Each structure stands twice: as C-alpha cells, then as structure tokens.
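This report concerns only the one structure given below.
The values are calculated or read from the model by the stated rules, or taken from the named source; none is laboratory data. For clarity, every value in this text was computed on a predicted model and none was experimentally measured. Positions of Cβ are generated from backbone atoms using ideal geometry, with glycine treated the same way; all protein chains shown enter the neighbour counts. Accessible surface areas use protein heavy atoms only, side chains included; no ligands, DNA or RNA. Shrake-Rupley method; radii C 1.70, N 1.55, O 1.52, S 1.80 Å.
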Amino acid sequence: MAMVRYLTPEVMKRLVTRDLPPAHYTFKIESFSKIIKIFPGDKEPKYDSEVFESGGYKWKLSFYPSGRKEWDGAGNISLYLVIEDTDSLPLGWEVNAMFKMFVLDQIGGDYLTIQDDNGKIRRFHAMKTEWGFAQFLPLTMFGDASNGYLLDDSCVFGAEVFVIKCTGKGERMSILSSPITGYCRWDIGRFSAVYVESLSKEFRVGERKWELTLYPRAVSTDDGESYIKLFLSLSDWETPPPKGKLYAEYTLRVRDRRVDGEHVEVTDCNWFSTSTRGYDYPKFLSLRMLKDSSRSLLANDLLVVEAHIDIISVVKKF
C-alpha cells in the first residue's frame, strides 16, 4: 500500500484493513472542507457524534478535523471514544473496553482500521472518560484523493467497542492427594425372569450420587448375540447448586461366585459432567457366557453386580 508512506512507525503497527463495516457505529461527514470554517477562529474544531450504545454503556465519538493540538495532534485527524451518561453509573464506576476506529476507503470499499496498542484494554472511569488517537490519520494522507478517504468532500468514520465484563464465573480443578473411594453391590434375584432394564439404588461416593442401569437382553447389531449391557452414571446433576465435573477410575464387575472364580469385569477411567453423565458398556457380558455351566455367574438365578469407584480429580465451579 503506497498510503503507508504518510504514517509514523507507531501508527503503522496498528494498521489493518478489512471490508466489513464497523459493527457499532458509523458517521458520515459531508462538506468536510466547511467544518473548520463554522468554528470560531479561537476555538479548536471538534465534532461530537450522536450517542450510541455498546456493551450496555453509552458512547460517542469526538472528531477533531484539524487535530487535537494539546495532545500533539497537529497535522492529523484526531478521533476519540468517549463514555457518556456517566451520572447514571454507580459511585466508583469503571468500564474496561477494547475498541477500534475506522475510516472508509471510498474507492476500494474497505476500511482502514486502527486498534489501540494491539488490542490493549482501556479503563474508563470518572477521571478518564475518553481514549483515542491524537494522530489517527495524517491530513496529508487523508486529503490525498487517491487514497479514497476524502472523496467529493465527504468521508466516513466508525467505531467498534467491546466491553470486558468480569462475570466472576470460573472453575477450579484439583487432583486429590488420596482418591475418594466407594463401592456398590447390587443383587438381582430371579434374573432369568428379568426382561426389561433395571435400575440400582442410588449410592454415594464423595459428594455425588451414582447409579447403575442394567439391560438384560441387549442384542448386538454386530454379531446378533444378546448381551448384558451396563451403564454407570451420576444421578444428581439437577440438584442445586450446579455441580462441577469429576474424573474417576472405576471397575464394573459381575461376580463369579466360585472360590477363586473368574469374574467378568471392565476397568475404565473417564470425566463425568453435566454433558456426559455416564458411560455404557453394550457388550459387557454375553448371555451365552452367563449360562456357561463351568462358571458360577448366575448361581441360583442370582446375578451379583459390583462397582468400585475411585474419584481422582474434581472440578468445582465458582
């Protein structure tokens, strides 16, 4: 861009262009050459835009067509963002915001954009109600018709203001020095007569309530066999206050009740949260294996399901 020959190195660092217009406010000035003439000779030319709203606060733009002399803006366009309606704000107020200023290249159709110190957040308060650029644009560059900023004696400026509001929300993750452990034994009698899903009683591990769901005859689409499907989940996420997530290692088991029996079990570890309350194991135990007479997985038509849980890490919201 040939235009950058007018800019100081400090301004060049903040220089970008884009084709999208300013998101929050735009103002067009017609008959630019006449603006300075309407001000008394002893008064610095300045134009304040109408008030606009962004981020829940009211703002205006202060435009100095011949520069803000007290801030070394002579020979430049000066442009400032000013917070308005401060009397309605509470005592000791402060507003943190990032902002961008724009000028339209009316030939190319894109906007020259200047952002304060690579997106530095500025703090507005009772003693500092404005921030901006004394040297927003050199008048030599602005007045060069080939740049398109002043065309047919008209120009277009704009601003975007993004207020940074601290919600106080967050989370704290901790790895426990000693895991929180828990155990559940679930006896399901007359198992051969169980055809629908069954839900265990809730059991507590740490601050959480858990439950097991068993599906006695889940047919696999892979091999057509029937399996016992197990699902381990947390059951108390809807209970206020909102819960944080946790990381747990666990073992789910169907006991072989012979001495030194060969249990069927799976050990896993996962994060549990409001979006992922539990994990299922659709092929936990095939009914063919369950009925294997060489084992004692269903002695006396009693199925014994166990869960061992170790909570390793917790994340709490604040």
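Miscellaneous remarks
- Scanning region 35-82 for residues that are part of a strand (DSSP E or B), open to solvent by 10 Å² or more (accessible area, probe 1.4 Å) and in contact with a helix residue (DSSP H, G or I) (Cβ under 8 Å, 6 or more places away or on another chain) yields a count of 1.
- Counting residues in region 225-246 that are β-branched (Val, Ile, Thr) and in contact (Cβ under 8 Å) with a residue 40 or more places away in the chain gives one or more.
- Single residue of Glu249, Glu265, Glu306 found to be of a type in the set (Asp, Glu) and closer than 20 Å to Glu202 by Cβ: Glu306
- Among the residues listed as Arg204, Arg190, Arg185, Arg172, the single one being touching a Lys or Arg at 6+ places or on another chain (Cβ under 7 Å) and farther than 23 Å from Leu20 by Cα: Arg172
- Within region 99-124, residues that are under 25 Å from Thr86 (Cβ atoms) and of a type in the set (S, T, N, Q) reach partners that are open to solvent by 10 Å² or more (accessible area, probe 1.4 Å) and not in a strand (DSSP E or B) with beta carbons closer than 8 Å, at six or more positions or on different chains, in the pairs Gln115/Arg14.
- The set of residues from region 106-125 being open to solvent by 20 Å² or more (accessible area, probe 1.4 Å), more than 17 Å from Trp59 (Cα to Cα) and at pLDDT 90 or above comprises Gln106, Ile107, Gly108, Gly109, Asp110, Tyr111.
- Lone unmet requirement of (1) farther than 30 Å from Phe32 by Cβ; (2) among the hydrophobic types (A, V, I, L, M, F, W, C); (3) free of Cβ contacts under 8 Å to residues at least 24 places away in the same chain; (4) loosely packed, with under 13 Cβ neighbours inside 10 Å for Met173: (3)
- Within region 177-198, the residues that satisfy the criterion of being over 28 Å from Ile312 (Cα atoms) and either open to solvent by 60 Å² or more (accessible area, probe 1.4 Å) or not in a strand (DSSP E or B) (or both) are Gly189, Arg190, Phe191, Ser192, Ala193, Val194, Tyr195, Val196, Glu197.
- Filter pass, Thr129 being closer than 16 Å to Trp59 by Cα and at pLDDT 90 or above: yes
- Every condition in (1) under 23 Å from Met141 (Cα atoms); (2) in contact with a Ser or Thr (Cβ under 7 Å, 6 or more places away or on another chain); (3) β-branched (Val, Ile, Thr) holds for Ile83 except the one numbered (1).
- Comparison of Lys58, Lys37 shows that the only residue that is of a type outside the set (A, V, I, L, M, F, W, C) and either free of Cβ contacts under 8 Å to residues at least 12 places away in the same chain or in contact with a Ser or Thr (Cβ under 7 Å, 6 or more places away or on another chain) (or both) is Lys37.
- Residue within region 139-146 that is open to solvent by 30 Å² or more (accessible area, probe 1.4 Å), among the hydrophobic types (A, V, I, L, M, F, W, C) and not in a strand (DSSP E or B) present: yes
- Number of residues in region 264-318 that are charged (D, E, K, R), modelled with pLDDT under 95 and more than 22 Å from Ser226 (Cβ to Cβ): the value is 3.
- Selection status of Arg172, basic (Lys, Arg), more than 30 Å from Lys245 (Cβ to Cβ) and outside any loop (DSSP other than H, G, I, E, B): no
- Residues in region 125-135 that are assigned to a loop (DSSP other than H, G, I, E, B), touching a residue at least 12 places away in the same chain (Cβ under 8 Å) and not hydroxyl-bearing (Ser, Thr, Tyr): Ala126 alone.
Residues are listed down the side, and each one gets a yes or a no for (1) hydroxyl-bearing (Ser, Thr, Tyr); (2) crowded, with 16+ Cβ neighbours inside 10 Å:
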site: Ser200; (1), (2): yes, yes
site: Glu207; (1), (2): no, no
site: Leu214; (1), (2): no, yes
site: Thr221; (1), (2): yes, no
site: Glu225; (1), (2): no, no
site: Ile228; (1), (2): no, yes
